[in-house]
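Trainee: Can you read through this structure? Questions will come right after.
Each value in this text was obtained by applying a stated rule to the coordinates, not by laboratory testing. Being a predicted model, the structure only gives us computed values, none of them experimental. Quick reminder, even Gly has a Cβ in these numbers, built from the backbone with ideal geometry, and neighbours come from all protein chains shown.
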Amino acid sequence: MSTLAVYPGSFDPLTNGHVDIISRGVRMFDRIIIAILVNAEKSPMFTMQERVEIAREVFKAYPQVEVDTFNGLLVDYVERKQAQVIVRGLRAVSDFEFEFQMALMNRRLNAKIETVFMMPAEQYTYISSRLIKEVFSLGGRVHGLVPELVEQRLREKGLAKEA
Ligand SMILES: Nc1ncnc2c1ncn2[C@@H]1O[C@H](COP(=O)(O)OP(=O)(O)OP(=O)(O)O)[C@@H](O)[C@H]1O
Ligand SMILES: [Mg+2]
């Protein structure tokens with residue numbers, strides 16, 4: 001049987017922490033869908049289309065990685081896709097409580113779906129999309145923390161704001 005995993009998130013923007021989790025995921029699962037949550041935040045920095053484009057470009061060499069968007073209940077989306085697994089990343093103890101709640105709630109909603117937690121490489125454990133946006137908007141360097149394409153897109157947004 002082939003295993004399909006869904007990796008949900010807002011990916012606003014995709015960071016090297018996300019990339020690390022996906023790269024580990026492709027070694028465990030036959031296919032992974034990066035599922036970008038519609039309307040997770042009211043004013044995202046990157047539009048849905050930009051986030052999809054970025055993820056597709058970054059993983060273009062991986063035929064087993066698919067990029068999609070979803071809204072509504074995650075377990076309903078996972079079921080629709082006929083996936084068996086939800087992948088989540090765990091950075092620190094601070095992620096644990098919320099992730100634990102979500103995993104158990106999702107299990108209650110659909111007991112056939114299993115949540116799998118993965119830990120990133122140490123150098124990515126402190127990275128979040130929110131922190132990247134904050135540091136970048138204050139003029140800090142995010143090189144090495146996000147894919148090159150994201151760095152480039154951030155710079156374009158920065159310039160657009162100044163103009
Ligand atoms: N650096 C990282 N290492 C491991 N897992 C991560 C990392 N960043 C995010 N994740 C995980 O990826 C999934 C999707 O996360 P999400 O899109 O919310 O990213 P985020 O960086 O937490 O963004 P935000 O700061 O907007 O909350 C979650 O399971 C989250 O725990
Ligand atoms: Mg988060």
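Trainee: Could you list all residues from the stretch 107-123 that are more than 18 Å from the chain's Cα centre (by Cα) and part of a helix (DSSP H, G or I)?
Mentor: Answer for the stretch 107-123, where residues must be more than 18 Å from the chain's Cα centre (by Cα) and part of a helix (DSSP H, G or I): Arg107, Arg108, Leu109.
Trainee: If you don't mind, another one. Name the single residue, out of those in the stretch 124-145 being over 17 Å from Val93 (Cα atoms), among the aliphatic types (A, V, I, L, M) and in a loop (DSSP other than H, G, I, E, B), that is farthest from ligand 2 (Cβ to nearest atom).
Mentor: Let us first name the residues in the stretch 124-145 that are over 17 Å from Val93 (Cα atoms), namely 129-145.
When the remaining residues are screened for being among the aliphatic types (A, V, I, L, M), the result is 131-132, 135, 138, 142, 145.
Retained after the next criterion (residues that are in a loop (DSSP other than H, G, I, E, B)): 138, 142, 145.
On the way: Leu138: 20, Val142: 17, Leu145: 15 Å.
Per the criteria, the residue is Leu138.
Conditions (1) under 21 Å from Val146 (Cα atoms); (2) buried (at least 21 other Cβ atoms within 10 Å of the Cβ); (3) small (Gly, Ala, Ser), marked per residue:
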| residue | (1), (2), (3) |
| --- | --- |
| Ser43 | yes, no, yes |
| Glu50 | yes, no, no |
| Glu57 | yes, no, no |
| Asn71 | no, no, no |
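Trainee: Here is a follow-up. Could you list all residues from the stretch 89-132 that are surrounded by 18 or more Cβ atoms within 10 Å (Cβ to Cβ), near ligand 1 (Cβ under 8 Å from one of its atoms) and under 18 Å from Leu37 (Cβ atoms)?
Mentor: Gly89, Ser129, Ile132, listed by residue number.
Trainee: Another one. Check Ser2 against each of (1) touching an Asp or Glu at 6+ places or on another chain (Cβ under 7 Å); (2) surrounded by fewer than 21 Cβ atoms within 10 Å (Cβ to Cβ); (3) under 23 Å from Tyr124 (Cβ atoms); (4) not β-branched (Val, Ile, Thr) and name the one condition it does not meet.
Mentor: If we test Ser2 against (1) touching an Asp or Glu at 6+ places or on another chain (Cβ under 7 Å); (2) surrounded by fewer than 21 Cβ atoms within 10 Å (Cβ to Cβ); (3) under 23 Å from Tyr124 (Cβ atoms); (4) not β-branched (Val, Ile, Thr), just (3) comes out false.
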